[in-house]
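Read-outs: derived from the displayed coordinates by stated rules, not from any lab. Remember, predicted model here, so these are calculated numbers, not experimental data. All Cβ positions, glycine included, derive from the backbone under ideal geometry; neighbour counts span all protein chains shown.
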Amino acid sequence: MQRALSLLGPLEGRLMTQIWSGRVSEPFVVRDVLALTPDLAYTTVMTTLNRLADKGVLKVSKGASRQAHKYRAAGNVSAFLASSGRAEVDRLVARYGDAALAAFAHRLDRLSPTTRQALKKLRSK
């Protein structure tokens, strides 16, 4: 989980730790998270949850008028890391083009057969 949390801001990571660890039942509302983080203001938690939803880490369903928004994790920690990794690779290829792809190929050539097999399994998910 530490790798995933390192990709988020401190407050985002703090809230996602609660969510990914199952301390918050899904779907949840702001007050459910606030109960676990009483030192934070309601608006701080609400804003952070909305930012996580904007980033695709959370999914939000907007209730009827006057009903609280309900949130749920868009995926587990592994799914978040996979999605973040793909986005990072896309950024590197967009920035460095074929040089990035050549660097990836060079790195793949140095992997052990066991690691290559594990990567093939990850890729198929």
**Q.** the stretch 3-125 - Rg and Dmax from Cα coordinates, angstrom
**A.** 18.3, 57
Q: Among 16, 46, 1, rank each residue by its count of other Cβ atoms within 10 Å, from fewest to most, as a rough exposure measure.
A: 1, 46, 16
**Q.** Protection proxy ranking, peptides 49-55, 112-118, average beta carbon neighbours within 10 Å, highest first
**A.** 49-55, 112-118
Q. Percent relative contact order of the stretch 2-73, based on C-alpha pairs within less than 8 angstrom and at least six residues apart?
A. 29 percent
Q.
Quick check for the chain: number of Lys pairs with alpha-carbon distance under 29 Å, counting only pairs 8 or more apart or on different chains?
A. 10
